[in-house]
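The next block holds one structure in the form of structure tokens; read it before the comments.
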Amino acid sequence: NAGVTQTPKFQVLKTGQSMTLQCAQDMNHNSMYWYRQDPGMGLRLIYYSASEGTTDKGEVPNGYNVSRLNKREFSLRLESAAPSQTSVYFCASITGTGYYEQYFGPGTRLTVT
Amino acid sequence: RKEVEQDPGPFNVPEGATVAFNCTYSNSASQSFFWYRQDCRKEPKLLMSVYSSGNEDGRFTAQLNRASQYISLLIRDSKLSDSATYLCVVGPNRDDKIIFGKGTRLHILP
């Protein structure tokens, strides 16, 4: 049972490049989340998916797209990376069945130059 | 009023002391409350849930005050290993959002 996994762990992009951050969970959780964390800003929700086939915007969705590929996987895409998207990105999942502990992946450290 | 507010600290506390943090929340319809711990450059991990009746887990005690809309975390006999950032988490509310506070940094001093 690997929990929540994220790839890659580190990435450096040039402005304008695109990339997809991958997230997968093996706990049969319904809901999945993408957050970014910046110094002094705390965790900010980018997008979430309450169940397979649905996605919703969070607090800071601009510049990102997501895909809930199946119940296990939830990917985050940066179409045209900007320096303001330099951050640590965390994926998380919860059971969605009344007990809301979130399980987090180890994070992706992204630098956009 | 921000949705979830915490004192960012840092709290610099000598080893063995007792330290307490509060966290206030704005949405009175919030149903679930948690404290998470985040070590430097690591992912957040659940420390404990916060129940209406209050709950204790070893040296850690969490309390909920719905009337005043705050939760608290008390750490007794603090250890060097307690040094971390403690995140207050509230949710979900009607639109299923889980809100994280920005965290309180704790440094335990030898």
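Rounded to whole Å, the principal axis extents of the Cα atoms in chain A read 41, 27, 26, largest first. Take B:Ser68 and A:Ala82, extend 7 Å from each Cα along the Cα→Cβ direction, and tell me the distance between the two endpoints in nm. Computed distance between label sites B:Ser68 and A:Ala82 equals 4.2 nm.
Taking the Cα centre of the protein assembly as shown as origin, sum charge times position over the Cβ atoms of Lys and Arg (+1) and Asp and Glu (-1), and report the length of that vector in debye to the nearest 20.
Details: 24 positive and 20 negative charges, 78 e Å.
Using Cβ point charges on Lys, Arg, Asp and Glu, the protein assembly as shown gives about 380 debye.
Comparing A:Val66, A:Val12, A:Val88 in a Gaussian network model of chain A (Cα springs below 10 Å), the most mobile by mean-square fluctuation is A:Val12. The separation of segment A:1-49 from segment B:57-110, counted between C-alpha centres, amounts to 23 Å.
If you add up the charges near A:Thr108, with Lys and Arg at +1 and Asp and Glu at -1, over every other residue whose beta carbon is less than 14 angstrom from its beta carbon, what do you get? Provide the component values of the computation, followed by the final result.
Details: positive: A:Lys9, A:Arg36, A:Arg77, A:Arg109, B:Arg41, B:Lys42; negative: A:Asp38, B:Glu43.
With Lys, Arg at +1 and Asp, Glu at -1, the neighbours total +4.
For chain B, a Gaussian network of Cα nodes joined below 10 Å ranks B:Glu43, B:Glu15, B:Glu56 by mean-square fluctuation, and the top entry is B:Glu43. Treating the protein assembly as shown as a set of equal point scatterers at the Cα positions, no solvent, please give the Debye-formula log₁₀ I(q)/I(0) at q = 0.08, 0.10, 0.18 Å⁻¹. With no solvent term, the Cα-only Debye profile gives -0.29, -0.46, -1.32.
For the protein assembly as shown, B:Cys40 stand unpaired, since no other cysteine beta carbon lies under 4.7 Å from theirs. Across the alpha-carbon atoms of chain B, the computed radius of gyration and Dmax are 13.4, 44 angstrom. Here the Gaussian network model covers chain A, with springs between Cα atoms less than 10 Å apart; of A:Gln25, A:Gln37, A:Gln17, A:Gln17 fluctuates the most.
Where a ≥ b ≥ c are the square roots of the eigenvalues of the C-alpha gyration tensor, would you call segment B:44-101 rounded, which needs a/c under 1.5, or, failing that, prolate if a/b is larger than b/c, or oblate? Cα axes put segment B:44-101 in the oblate bin. The loop-placed trypsin sites (Lys or Arg not before Pro) in segment B:50-93, going by DSSP, that have at most 13 neighbouring Cβ atoms within 10 Å of their Cβ come out as B:Arg59, B:Arg66, B:Lys79.
Read the figures in this text as sums done on the coordinates, not as results from a lab. It should be emphasised that the depicted structure is a prediction, and the values quoted were computed from it without experimental measurement. Glycine also receives a Cβ, built like all others from the backbone with ideal geometry; neighbour counts cover every protein chain displayed.
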